[in-house]
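*Asks:* One structure, pasted below without further comment.
The values are calculated or read from the model by the stated rules, or taken from the named source; none is laboratory data. Computed from a predicted model, the values in this text were never measured in an experiment. Quick reminder, even Gly has a Cβ in these numbers, built from the backbone with ideal geometry, and neighbours come from all protein chains shown.
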Amino acid sequence: MSHKIVLDGTSLVLEDLHPLLAGAEVELSIAPQAIDAVQRARTVVDAHVEAGDVVYGLTTGFGKLKNVAIAREDLTELQENLVLSHCCGTGRPMPIPEVRVAQVLRLNGLVRGHSGVRVELVERLVALFNAGFVPYVPQQGSVGASGDLAPLAHMVASYMGHGRAYVQENAGDSDRREAIPAAEALRLVGFEPLELAAKEGLALINGTEITKAVAVGVVARASNISRASDAIAAISIEALFCSVQPFDARFAELKGHAGHARTAANVRTCLADSRVMESHADCDRVQDPYSLRCVPQIHGAYKAALEHTREILANEINAVTDNPILFPDTGEVISAGQFHGAPVAMIMDYLALALCTIANVSERRTEQLVNPDLSHLPPFLATNPGLHSGLMMAQVAAASLASENKVLAHPSSVDTIPTSANQEDHVPMSTAAARKARTICDHTERILAIEFLAAAQAREFKKEIAAGAGVDAARNLLRTRVPPMDRDRYLADDIEAANELLVSGELVAAVEAAVGELSA
């Protein structure tokens with residue numbers, strides 16, 4: 001069953017894009033009122049072209065060449081030249097789900113009715129999307145101001161029959177398909193190469209949709225991490241016989257942070273009915289290490305960063321980000337800076353820092369679990385320490401990823417380099433910020449997966465004491481893919497299996513099925 005998205009330029013929400021990220025079939029359409037808005041804006045463009053007016057973006061060169069007037073008979077060639085000259089992307093291709101999101105976001109900005117494209121163009125892009133045509137887009141080459149010019153140019157060029165593209169016959173195996181020449185891909189889906197009219201090339205490449213597409217994927221994964229990290233921390237807390245008292249709701253009230261309250265509630269929920277907690281309720285262990293005792297404060301701060309990121313991105317996915325902007329009600333064509341990616345660059349840097357912190361504290365909990373001086377459990381959770389090394393190197397792998405994150409944590413949004421003969425003298429590096437956050441997200445998921453393995457293994461040494469309902473659900477799920485360690489074995493597959501359970505959402509789903517909904 002395909003999901004349906006109706007675009008009107010103003011009401012798209014992040015959750016509408018999640019099926020695309022999951023590789024599901026999605027059918028696009030444009031709301032009737034949006035078609036009317038597109039037509040009104042196009043009327044303004046046609047009037048200026050017909051009158052022979054010199055208007056930036058409509059009948060002139062671009063960037064530093066903004067003062068060069070172009071003859072009417074050359075406007076179609078101008079648009080093609082613009083797109084092809086900007087196809088300077090490099091590096092590995094964007095994942096297909098991200099490109100599909102970018103296709104939707106670019107259309108959503110156009111149908112707001114301030115870009116000046118033809119209705120026919122919008123309808124063609126919708127038809128290409130619905131036919132499974134997916135452009136091949138190199139990931140690198142954008143500085144995020146004047147939009148994501150290079151990667152968006154590759155996207156548009158493929159519609160014109162240049163470069164490469166995928167034909168998405170089956171959403172489930174899309175990432176394993178090979179790119180083919182775009183002209184051949186167009187033939188396979190039954191379309192001729194697109195010919196652009198005045199203003200259209202600029203409207204299509206002058207936007208922040210590549211940055212936003214990557215950001216949408218990172219935020220979706222970060223929301224899953226928010227719940228999963230609380231559940232995994234609960235397993236570690238129980239496995240190490242920590243105190244549940246720091247998770248008392250009264251502390252959240254005294255702190256005054258909503259993320260703190262949600263984290264503490266998630267952990268309490270996962271530990272509900274734990275006989276492990278009961279077994280040491282009167283012990284003298286009143287101060288656990290910070291990585292365990294301060295979970296509400298640390299994970300709560302992460303939740304606050306995620307919430308702010310979601311708020312900004314939710315606005316941005318309905319933003320008009322090209323240039324110049326048309327105001328059909330007044331007939332004005334005004335150049336501005338809507339294409340500047342600073343808003344998304346900053347939130348991606350913010351979220352990247354928050355993800356690094358989740359990774360850091362998870363790695364420290366793994367150290368607490370495998371270090372016998374701290375855990376009072378067998379060294380490295382091995383059943384026969386000495387003969388077996390247990391999870392010794394798994395913690396090293398987590399430490400390696402956590403330290404790599406620290407290198408990546410340098411904010412992209414504080415960097416800038418002048419481009420286009422200093423016309424673009426301040427740029428936000430927003431695409432780099434989004435891709436960097438995506439890499440940090442990859443590492444954080446794997447670090448949490450290692451903690452998941454270690455905490456579940458630690459429970460094997462006290463499994464006769466009944467665990468909390470959420471903890472038990474998480475551990476039982478892991479055991480469907482990863483058996484307990486009774487001897488050393490090839491561990492990379494175990495880490496990957498745990499990671500898949502986390503990334504797919506199966507871990508959170510299993511816990512929520514047992515104890516109810518967790519809060520992000």
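*Asks:* Check 351, 401 and return the single one that is in a helix (DSSP H, G or I) and more than 18 Å from the chain's Cα centre (by Cα).
*Replies:* Matching residue, one of 351, 401: 401.
*Asks:* Follow-up. Between 38, 26, which is out of contact with any His (no Cβ under 8 Å at 6 or more places or on another chain) and touching a residue at least 40 places away in the same chain (Cβ under 8 Å)?
*Replies:* None of the others qualify; the one that does is 38.
*Asks:* Listed residues 291, 335; which is more than 30 Å from residue 42 (Cα to Cα) and among the polar types (S, T, N, Q)? Break it down stepwise before answering.
*Replies:* Working: 335 fails: more than 30 Å from residue 42 (Cα to Cα).
Just a single option satisfies the conditions, and that option is 291.
*Asks:* Then there's this: With respect to residue 439, is the statement that it is surrounded by fewer than 22 Cβ atoms within 10 Å (Cβ to Cβ), of a type in the set (S, T, N, Q), touching a residue at least 12 places away in the same chain (Cβ under 8 Å) and assigned to a helix (DSSP H, G or I) true? Walk me through how you get there before you give the answer.
*Replies:* On the way: surrounded by fewer than 22 Cβ atoms within 10 Å (Cβ to Cβ): yes; of a type in the set (S, T, N, Q): yes; touching a residue at least 12 places away in the same chain (Cβ under 8 Å): yes; assigned to a helix (DSSP H, G or I): yes.
Yes: the conditions hold for residue 439.
*Asks:* In region 253-304, what residues are of a type in the set (S, T, N, Q) and modelled with pLDDT of 95 or more? If you could, list the steps in order and put the result at the bottom.
*Replies:* Filtering region 253-304 down to residues of a type in the set (S, T, N, Q) leaves 263, 266, 269, 274, 279, 287, 291, 297.
Scanning region 253-304 gives 263, 266, 269, 291, 297.
*Asks:* Still on this model: Taking residue 434 as the residue in question, decide whether it is assigned by TED's automatic domain parsing to the domain that holds residue 368, over 25 Å from the mean Cα position of the chain (by Cα) and crowded, with 17+ Cβ neighbours inside 10 Å.
*Replies:* no
Here is a yes/no grid of residues against (1) closer than 18 Å to residue 369 by Cα; (2) assigned to a helix (DSSP H, G or I); (3) more than 27 Å from the chain's Cα centre (by Cα):
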{"site": "467", "(1), (2), (3)": "yes, no, yes"}
{"site": "471", "(1), (2), (3)": "yes, yes, yes"}
{"site": "477", "(1), (2), (3)": "no, yes, no"}
{"site": "481", "(1), (2), (3)": "no, no, no"}
{"site": "486", "(1), (2), (3)": "yes, no, yes"}
{"site": "490", "(1), (2), (3)": "no, no, yes"}
{"site": "495", "(1), (2), (3)": "yes, yes, no"}
{"site": "500", "(1), (2), (3)": "no, yes, no"}
{"site": "509", "(1), (2), (3)": "no, yes, no"}
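*Asks:* Right, residue 111: of a type in the set (A, V, I, L, M, F, W, C) and more than 26 Å from residue 328 (Cβ to Cβ) or not?
*Replies:* For residue 111, the condition - of a type in the set (A, V, I, L, M, F, W, C) and more than 26 Å from residue 328 (Cβ to Cβ) - is not met.
One line per residue, one yes/no per condition, for (1) in contact with a Leu (Cβ under 6 Å, 6 or more places away or on another chain); (2) at pLDDT below 95; (3) closer than 26 Å to residue 221 by Cβ:
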site: 352; (1), (2), (3): no, no, yes
site: 378; (1), (2), (3): no, no, no
site: 391; (1), (2), (3): yes, no, yes
site: 398; (1), (2), (3): no, no, yes
site: 405; (1), (2), (3): no, no, yes
site: 414; (1), (2), (3): no, yes, yes
site: 427; (1), (2), (3): no, yes, no
site: 434; (1), (2), (3): no, no, yes
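*Asks:* Another question about this same structure. Give the number of residues within region 456-468 that are at pLDDT 95 or above and either farther than 12 Å from residue 507 by Cβ or outside the structural domain of residue 228 (by TED's automatic domain parsing) (or both).
*Replies:* 2
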